[in-house]
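Novice: My structure is below; once you've seen it, I'll send some questions.
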């Protein structure tokens, strides 16, 4: 049978249409959970803030005061407490109502109040898409942590230092990994996903039509 380039091309298109694309293993091997990602970003921000506090502040024990009582502030309290403790400070978490808290009895005289506010604590999926007509979907992920902190002397309420620090991160991963990525009980670990659209309904119909058309053409050429 003489070589028919159109038939060869048709066969290639048929194979590409019916064989699923191989997963991007190298890309997905690096993906971390949302909880791990926000822990890392928050920790790096806290480390930068603490490193920026001048030695003249003579910071010893710390009253840690979040801007408000919320799910993500509870999480940040835990992360910042670990960073402060690792830096050699004793930490008292007094909650959002502690903006005028006094040092607990029996503490050192150098207790200061570290107040902080999350100007950005964002984790989102800007886009969930299919990079090719055939194949698995991808999830674009974007995260940002920006904290503003203030160190206050508890004796006279004077402000000793103000600083801010930020970290951001962007990546993407396979849609099938969402179950692994969204582990954890904090609300922010499960960002909203893109809403349903007509494109999600039409796309499978179009793909199915292309595959059926290719199969029909293939067997039509075979019969000839």
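Novice: Does the stretch 147-186 come out rounded, prolate or oblate, given a ≥ b ≥ c as the square roots of the eigenvalues of its C-alpha gyration tensor, rounded meaning a/c under 1.5 and, failing that, prolate meaning a/b above b/c? Spell out each step's value before the answer.
Specialist: Working: a/c = 11.62, a/b = 2.92, b/c = 3.98.
In terms of gyration-tensor shape, oblate.
Novice: For residue 96 and residue 193 in one chain, what is 0.36 nm times their gap in residues minus the Cα-Cα distance, to one decimal in nm?
Specialist: Numbers: separation 97, 0.36 × 97 = 34.92 nm, distance 3.04 nm.
Residue separation times 0.36 nm, minus the Cα-Cα distance, leaves 31.9 nm.
Novice: If you don't mind, there's one more thing I want to ask. Rank these for me by crowding, 49, 148, 119, going from fewest to most other beta carbons within 10 Å. Working shown, then result.
Specialist: Details: 49 21, 148 17, 119 13.
Ascending Cβ contact count within 10 Å gives the list 119, 148, 49.
Novice: Still on this model: Take the eigenvalues of the Cα gyration tensor for the stretch 31-193, scale each by 5, and report the square roots as semi-axes in whole Å, largest first.
Specialist: Values: eigenvalues 276, 38, 29 Å².
Values for the stretch 31-193, descending: 37, 14, 12 Å.
Novice: Between residue 140 and residue 55, what length comes free when the chain is fully extended (0.36 nm per residue of separation minus the Cα-Cα distance, one decimal in nm)? Walk me through the numbers before you get to the answer.
Specialist: Working: separation 85, 0.36 × 85 = 30.60 nm, distance 4.14 nm.
Here the segment from residue 140 to residue 55 would lengthen by 26.5 nm.
Novice: Please work out how much length the chain gains when fully extended from residue 153 to residue 178, using 0.36 nm per residue of separation minus the C-alpha to C-alpha distance, in nm with one decimal. Present the calculation step by step, with values, prior to reporting the outcome.
Specialist: Details: separation 25, 0.36 × 25 = 9.00 nm, distance 4.50 nm.
That pair, residue 153 and residue 178, stretches by 4.5 nm at full extension.
Novice: When you count, for each residue, the other Cβ atoms within 10 Å and take the mean per peptide, how do 132-139, 37-44 rank with the highest first?
Specialist: Values: 132-139: 14.6, 37-44: 19.8.
Taking the mean over residues of other Cβ atoms within 10 Å, the ranking is 37-44, 132-139.
Novice: For the stretch 31-193, what is the percent of antiparallel DSSP beta bridges, rounded to the nearest 5?
Specialist: On the way: 30 of 38 bridges.
DSSP beta bridges in the stretch 31-193 are roughly 80 percent antiparallel.
No value in this document is a laboratory result; all are computed from the given coordinates. Just so it is clear, the model here is predicted, and its values are computed rather than measured. Glycine gets a Cβ as well: all are built from the backbone with ideal geometry, and neighbour counts include every protein chain shown.
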